Every structure is written in structure tokens, then in C-alpha cells.
Amino acid sequence: MNTLKMTRIFSLALAGLCVAALLVLAGCASPRNPATEAQTANRQYMAQVNQTMDDLALKLDGFQDAVARGDVVTMRTEADKAFKVLDSLEAIDAPEALTEVKQDYVDGCASLREALDGYIALYTEVSSATEDHPFDFATYDQRVKDIQDTYDQGIESLQAGDGKAVSL
């Protein structure tokens, strides 16, 4: 036999052994584990939620700065930015194991939306008051308290979702 022919046969045999070894290794690899897939899905969901919460915190900081300045136009702009983040939080698909967690987040988003709108409405009324149509400051403190309670309820719902997620 000539050397070239032997080299080809040896190469083909070696290639065949490599393919066989790969097939054996593939057969030994663990099959898809549903528990591991569920844990991965849960981690991915929570990672998306955490990133969204970081974005929301930035938007709410901007809103709070506008409130401190009494700047109604910026309050609306910052609220609209926060609403987009709240929409994206609600839109994240939750794995089955985290549906209750997501519901807490959705409830929290609704309360935060209501509170932000409440602040804007209140500050708009104050800033647009005139001598002929003055603002009734007798109701101001109670309205601020009611709005703050709604805001706090939203934060509590978000924290309740976090608490449930941690306990899983």
C-alpha cells in the first residue's frame, strides 16, 4: 500500500473516531432539565425587572426634582417618561411561578401612575390659580396626603413583589 493511501485511510478513521466520540459525548450530556429552565426563566425575568426598576428610580427622581421646584411642565415630562418605564415593567412576561409577583408589580405601577397624575393635577391647579379663581388651600394638605398615600401604596406593592420573589 502506498503511503498516501494509508494516510487517507488513517485520516478517515481518525475523523470517524472523532465523530463517534462527539456523538457519545452528546448522548452523555444531560437532557434539558425543566427545573433548571424554570430557574433560568425566573432569573431572566427578575433581571429585567431590576433593570426596569433602576430606570424607574431615575425617572421618579426627575419627577421629584420638578415637584420640589413646582415646575408643572417638567413634572408632566418626567411623569410621561416614568409612565413609559411603568408600561415596560407591566409588559415583561413573567414565568408561571412569578405571576403573583408580577401582579404586585402591575398593582404598584397603577398606584404610581395615579399618584403622579394626582401631583400634576394638584400643582396645575395651584399654578393656574388667579385672583378671580383662587386655589382652595384649605384642601391642599389633605390632597397632598391622599396623593402621597397612593404613591406609598404603589411603592409598597412593588416591594411586596420583591419580597415574594426573594422568598421563592
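Points to keep in mind about this one:
- Loop sites in the stretch 93-166: chymotrypsin sites (Phe, Trp or Tyr not before Pro), DSSP, at most 10 other Cβ within 10 Å: Phe137
- Over all distinct Cα-Cα pairs of the stretch 48-153, the Kirkwood formula returns a hydrodynamic radius of 14.9 Å.
- Net charge of Cβ neighbours under 12 Å - reference Ala68; Lys, Arg +1; Asp, Glu -1: -3
- For Ser88, Ser111, the ranking by accessible surface with the largest value first comes to Ser88, Ser111, using a 1.4 Å probe.
- Cleavage-rule hits (GluC sites (Glu not before Pro)) in the stretch 94-144: DSSP loop, at most 11 neighbouring Cβ within 10 angstrom: Glu131
- Within the assembled protein chains, the solvent-accessible surface assigned to Lys164 is about 70 Å², based on a 1.4 Å probe.
- Counting 0.36 nm for each residue step from Thr99 to Asp141 and taking away their Cα separation leaves a gain of 11.4 nm.
- Per-residue SASA entry for Arg69, accessible area with 1.4 Å probe, Å² rounded to 10: 150
- Under the Karplus curve 6.51 cos²θ - 1.76 cosθ + 1.60, θ = phi - 60°, whole-Hz ³J(HN,Hα) for the stretch 119-136, x wherever Gly or Pro sits: 4, 4, 4, 4, 5, 5, 4, 5, 6, 9, 5, 10, 4, 6, 10, x, 7, 8
The values are calculated or read from the model by the stated rules, or taken from the named source; none is laboratory data. In this text, all values refer to a predicted model and were calculated from it rather than measured experimentally. Counting neighbours? That spans all protein chains shown, and the Cβs are built from the backbone with ideal geometry, glycine included. Heads up: the accessible areas ignore ligands, DNA and RNA and are worked out on the full protein's heavy atoms, side chains in. Shrake-Rupley method; radii C 1.70, N 1.55, O 1.52, S 1.80 Å.
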